[in-house]
Amino acid sequence: MEAVPVTRPRFIEVGEVVMGTRKCSEGRFFLRPSPATDHLFRYCLARAVRLSGVRLHEFQVLSNHYHVVFTDVRGQRPVFFRELNQFVARGGNASLGRWENFFAPGSYNAVSLVDGDAIEDECLYTLCNVVEAGLVKLPEYWDGVCSWSMNYGQSKNIPRPEGFFDGSSDKTRDEEVLTLVRPEALYPGLTDTEARDKLRDKARERSHAKADALRKSGGSFMGMKRIRRQPTDSSPTTRLPRRGIRPTVAGKNKWARIEALQRNAVFLDEHERARLLFESGKRDVVFPLGTYLMVQRYGVAVDVAKS
């Protein structure tokens, strides 16, 4: 029997909070802030949220990568990233008049956030990434795609960009709605307004600390004018880290983090055993809960959640 294509399976858990990142090919500035690029990304993001059913918490787009934090309500994380990445890439390439890879192969990464502290930390990281990169002094100074200005529960209507996508399909509408939702585990006991204010205050504290450190080292922030003048086919002059550890789980609680890692290890072992049985011809084999790709490709049976 023909072997099943092997890709490392990911445990897809309904209801998990995820921090996702994708980098542009060769680190180039294909996502550099501009009215057209910003409009395109917001539309594609809203579309991907609708098609996957995720709840969007934070997002920020730098010139050569993006960050997004969301809750995977229906276990459709792969749909979210597939729809976001392919439509941003298609629209971005069309806008730039290019045909090659828009995103770097293998640059997609998603980290499961296992506790409230990790959710807070990754939301802060997302909002403050432009500060950490030495681009602007505070998150609110970033005049590009970012969730900073949105309140929890707030929605924005994003019209379909002209000239990119066919509006005849129900998958591509004339207008998408982008809504920001508060993570359930973020600052329990506070109202949405109080939680948003607290997160912004902490982001400003982190940003001021970074600004002080940069000033003491003799550095300075680039600023939006210089950023907008950068050619889209250029890339950072500093070499990015390569072949480092790519975590799949983040959490401040040691035991919650260990439990999640152990769960992933058990899932990989059980998935491998099931895949080998499936390849041998045992088509009624049951795959472990959290299996996604084999279900989509072959319609395999999956174990039920234990109560």
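Bear in mind these aren't lab numbers, they're just calculated from the coordinates by the rules spelled out. All figures in this text were calculated on a predicted structure; none of them were measured in a lab. As a convention, Cβ positions derive from the backbone with ideal geometry for all residues, glycine included, and neighbour counts pool all protein chains shown.
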Evaluated at 20 °C and 1.002 mPa s, the Stokes-Einstein D of the range 98-230 based on the Kirkwood radius over Cα pairs, in µm²/s, stands at 121 µm²/s
Across the alpha-carbon set of the range 3-97, Rg over Rh with Rh taken as the Kirkwood radius works out to 1.00
With only helices counted (DSSP H, runs n ≥ 4, each -39500 (n - 2.57)), the per-residue ellipticity at 222 nm for the chain, to the nearest 500, works out to -13000 deg cm²/dmol
Quick calc, the range 256-302, dipole around Cα centre from Cβ unit charges on Lys, Arg (+) and Asp, Glu (-), nearest 20 debye, gives 100 debye
Sorted largest first, the Cα spans of the range 256-302 on the principal axes come out in Å as 37, 18, 12
Burial-style ranking of 78-84, 296-302, average other-beta-carbon count within 10 Å with highest first, yields 78-84, 296-302
Per the 1/(1 + (r/R0)^6) rule, R0 = 22 Å and r from the Cβ atoms of Thr21 and Lys171, FRET efficiency to 0.05 is 0.35
By the Cα gyration tensor axes a ≥ b ≥ c (a/c under 1.5 gives rounded; else a/b larger than b/c gives prolate, otherwise oblate), the shape of the range 175-231 is oblate
When the charge dipole of the chain is computed with +1 on Lys and Arg Cβ and -1 on Asp and Glu Cβ about the Cα centre, the Cα farthest towards its positive end, among Thr248, Ala48, Ser235, belongs to Ser235
Cα extents of the chain along the principal axes, largest first, in whole Å, come to 62, 46, 38
Check: C-alpha center the range 189-209 vs C-alpha center the range 77-129, spacing in Å is 24 Å
